[in-house]
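Structure first, then comments.
The values are calculated or read from the model by the stated rules, or taken from the named source; none is laboratory data. A quick note: this is a predicted structure, and the numbers were derived from the prediction, not measured. Virtual Cβ from ideal backbone geometry, glycine too; neighbours counted across all protein chains shown. Accessible surface areas use protein heavy atoms only, side chains included; no ligands, DNA or RNA. Shrake-Rupley method; radii C 1.70, N 1.55, O 1.52, S 1.80 Å.
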Amino acid sequence: MPRITSAALSLAKPYWTDPVERRLAWVLALIILALAVAFTELNLWLNELNKSFYDALQNMNAPAFQSSMAHFFTAVGILVVVATAAEYTEQALNIRWRRHLTHALVGRWLDGDTFYRIERDGLCDNADQRLTEDIAEYVRLMLSLSKGFIINLGSLATMGWVLWKSAGPMSFDIAGTHLTIPGYLFWLAVFWGALQTLVTHLAGHRLAGLTVAQQSYEADYRFTLAKVREASEQIALYRGQAVEQGRMQKLFGQIAGNWHQIMRQNIYLNVASTGFSVIAVLVPIIAISPKVLSGELSLGTLMQDISAFAATTTAVAWFARSYRDLFQLSARTRRLEALRLAMAPPPAPGIRVARDPDTDDVAGRGVALALPDGRPLSRVGEFLFEPGARWMVRGPSGVGKSTLLRAIAGLWPFGGGAVRLPAGARVMFMPQKSYLGDGTLRDTLIYPADPGSADDATLAQLLRDCRLPHLADRLDEIAHWGHRLSPGEQQRLAFARALLYRPDILFMDESSSALDNDTEAHLYQMVIDRLPDCTVVSVAHRTTLEVFHPNTLHVAAPA
C-alpha cells in the first residue's frame, strides 16, 4: 500500500508543482475545499433543523414546525447550490489535470523512439488504454476520493461533537460496579465504523489484484478486435474468420473467468456493506433507547442523534465505503506506473548511432546485427554511403537487410559497432508498407511534413506524376487510406511523399515490391532526376533495380 500511495502522489506531483499550472490548480483546489467546509456546515445545520422539526411535532407546536420547515428548505436550496458549484469546480480541475498528465505522458511516449521500443521489446501492453482510460480514471478518482476524505473529516469533527454533546454520558452497573462512559454514543459510532472497515477489508481485499487483471484482459480483447478490423481484408482472403472467432472466445473466456472471481468477492463485500448499512440504523436507537424511554431525551434529540450517529459512522468507515474506488485507483496507478517505468531511458545500445556535423556521408564501422536475445544475426562490417551515391543492399532472406536499416535509423540497438550520419541531413525511411493515417488525402500525402507546406496544385501534379491521377482531385476527401488504397497505390503515394519531402538521404526497404516493373522504373527514375544529390540506399530482391544502383552492399550470415 505505501508503494502504491507513493506512486499515486508521484504521478500527481508534476501538475501541482508546474510553474504554469500550479497557481490556478491550487485556487480551484481551495475553492473545492471551501465548498466542502460549507457543505459540512450545511449538513450540521440540517441536523439541528431535524431536531427542531421532530420536537415541534412532539410538542404539537405548529408555528415552530412551520419555521423549521422554512429553514429546512432554505438550507436544502443552499446545499444544492454548493453541491453544484463544487461539482463544476471539480470538473474544471479534472480536465486541466488530465490534460497536463496526458500531454506529459504522451510526450514521453512519443519522445525519440520510446513508443516503438515499448512495442518492440514488449515492455508494456496496451499503452493506448493507459494513456486514455487509465489517466482519465486516475484523475477522477484522485479528486473524488480526496474531496470525499476531506468532507468526511469535517463530518467526523462536527457530527462527532454533536453526538458527544447531545447524547451525553451513559451509565452502566456491571457486577455491582457503576460505570459511566462520557460520549458513549460517539465511541460506539467510532467502534462501529472501525468494525465496518475491518470486515469490509477482509471481505474484499482480493478485489485489487482481480481488478488489475480485469482491466488487462479487457484491454487485450479490445486490442485484438482492433487488429481484426485493421486486417479485415487479409483475414477475409485467408478465410480466417473461424480462427479469429476462436481467439476472441479464448480472450473473452479470460474476461469471464476473472469476472466470476470478482462476482464472488463482491458477494462477500455486498453482504458486509449491506448488513452493516441495515443494522447501523438500529444501533443508535437501541443504544439510546433507555434515555428516550425514561423521558430524559426528546424525540427530536433522538432523531438528531440517529442522524449524527449515521454521519459519524460513515465518516469513520470512509475507507470501507470507498473500497471499490480505492481498488480502482490502485489498479489505475499500477498501470500508469508500469507505463512510466517502460518509458524510462533504455540501457546503452550495442549499435551506437551518432550525428556528425563534420561529414556528409553515412558510414558504418564494425557493425554486427544480433537478435534481442543476443544471438548473432549478421556481420555487416564497414560501409560508406557517399553523398549522391545509390546503393543496393543484397543478401538472402532472413539475414537482416531490413534490420540494418532499422539499426541505421537507431531503432535496433542489438548488436555492436557504430553508425555515423550527417548532422544536418534530412533523412527519410520508406518501409514496404507505409503508415497512412486517417484524415484528408492532403495531410496523408504531406506526412511527415507540416500541413500546408505545399499548395494543392503541386500536390495534384505530384500525384499525376506518380501515376495516381484518379487521386489528384480528392485532396479534401477524408478516409482510412490504409484500407482505401491498394498496396501498389500506397507505395506510389510513398514515392510522392519522398519527392515532396526532398530528403538528403533516402532509405527504401522493399518500397516497390507491389509495383509492376514499368511503374517501378518510372518512380525510381523520378527520384534520380528530381533528387540528384540524394543518397539512395535500397533493400530489394528484384534484379530489375540493379540498373538504378551502381553500388552493392552484401549482407551475409555470420560464419
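Quick notes on this structure:
- Residues in the stretch 491-503 that are crowded, with 18+ Cβ neighbours inside 10 Å and part of a loop (DSSP other than H, G, I, E, B): 1 in all.
- Scope the stretch 330-363; condition under 31 Å from the mean Cα position of the chain (by Cα), of a type in the set (G, A, S) and in a loop (DSSP other than H, G, I, E, B); matching residues: A344, A348
- Residues of the stretch 76-91 satisfying the condition of being in contact with a Leu (Cβ under 9 Å, 6 or more places away or on another chain) and among the aliphatic types (A, V, I, L, M): V76, I78, L79, V82, A83, A85, A86
- Qualifying residue in the stretch 516-533 (condition: in contact (Cβ under 8 Å) with a residue 60 or more places away in the chain, farther than 24 Å from A449 by Cβ and among the small types (G, A, S)): no
- Looking only at the stretch 359-381, and only at residues there that are of a type in the set (D, E) and in contact (Cβ under 8 Å) with a residue 12 or more places away in the chain, the one that is nearest to L123 (Cα to Cα): D361
- Some residue of the stretch 436-455 being free of Cβ contacts under 8 Å to residues at least 24 places away in the same chain and open to solvent by less than 20 Å² (accessible area, probe 1.4 Å): no
- Counted residues, the stretch 119-138 - those being assigned to a helix (DSSP H, G or I), under 14 Å from A342 (Cβ atoms), more than 8 Å from the chain's Cα centre (by Cα) and acidic (D, E): 2
- Qualifying position, being open to solvent by 70 Å² or more (accessible area, probe 1.4 Å) and not in a loop (DSSP other than H, G, I, E, B), among D518, D473: D518
- Checking each residue in the stretch 98-156 for being among the β-branched types (V, I, T) and either open to solvent by less than 20 Å² (accessible area, probe 1.4 Å) or touching a residue at least 60 places away in the same chain (Cβ under 8 Å) (or both) picks out T114, I118, I135, V139, I150, I151.
- Scanning the stretch 476-490 for residues that are part of a helix (DSSP H, G or I), crowded, with 18+ Cβ neighbours inside 10 Å and within 34 Å of the chain's Cα centre (by Cα) gives W481, Q490.
- Looking across the stretch 364-390, the residues that are loosely packed, with under 14 Cβ neighbours inside 10 Å and in a loop (DSSP other than H, G, I, E, B) come down to L371, P372, D373, G374, R375, E386.
- Residues being in contact with a helix residue (DSSP H, G or I) (Cβ under 9 Å, 6 or more places away or on another chain) and open to solvent by less than 60 Å² (accessible area, probe 1.4 Å) - total across the stretch 523-539: 11
- Test result for N258, farther than 18 Å from Y323 by Cβ and open to solvent by less than 40 Å² (accessible area, probe 1.4 Å): yes
- Among the residues of the stretch 193-241, just one is within 26 Å of S155 (Cβ to Cβ) and either touching a Pro at 6+ places or on another chain (Cβ under 9 Å) or part of a loop (DSSP other than H, G, I, E, B) (or both), namely H205.
- Residues that are open to solvent by 20 Å² or more (accessible area, probe 1.4 Å) and either under 21 Å from G112 (Cα atoms) or part of a strand (DSSP E or B) (or both), drawn from the stretch 398-415: S402, R406, A409, G410, L411, W412, P413, F414, G415
- Taking every residue in the stretch 460-476 that is within 19 Å of G437 (Cβ to Cβ) and pairing it with any residue that is part of a loop (DSSP other than H, G, I, E, B), at least 6 positions away or on another chain, the pairs with Cβ-Cβ distances below 7 Å are L463/A472.
- Within the stretch 212-224, residues that are free of Cβ contacts under 8 Å to residues at least 24 places away in the same chain have Cβ atoms under 7 Å from residues that are among the hydrophobic types (A, V, I, L, M, F, W, C) in no pair, counting only partners at least 6 apart in sequence or on another chain.
- Condition check for V76: free of Cβ contacts under 8 Å to residues at least 60 places away in the same chain, over 21 Å from S144 (Cβ atoms) and of a type in the set (A, V, I, L, M, F, W, C): yes
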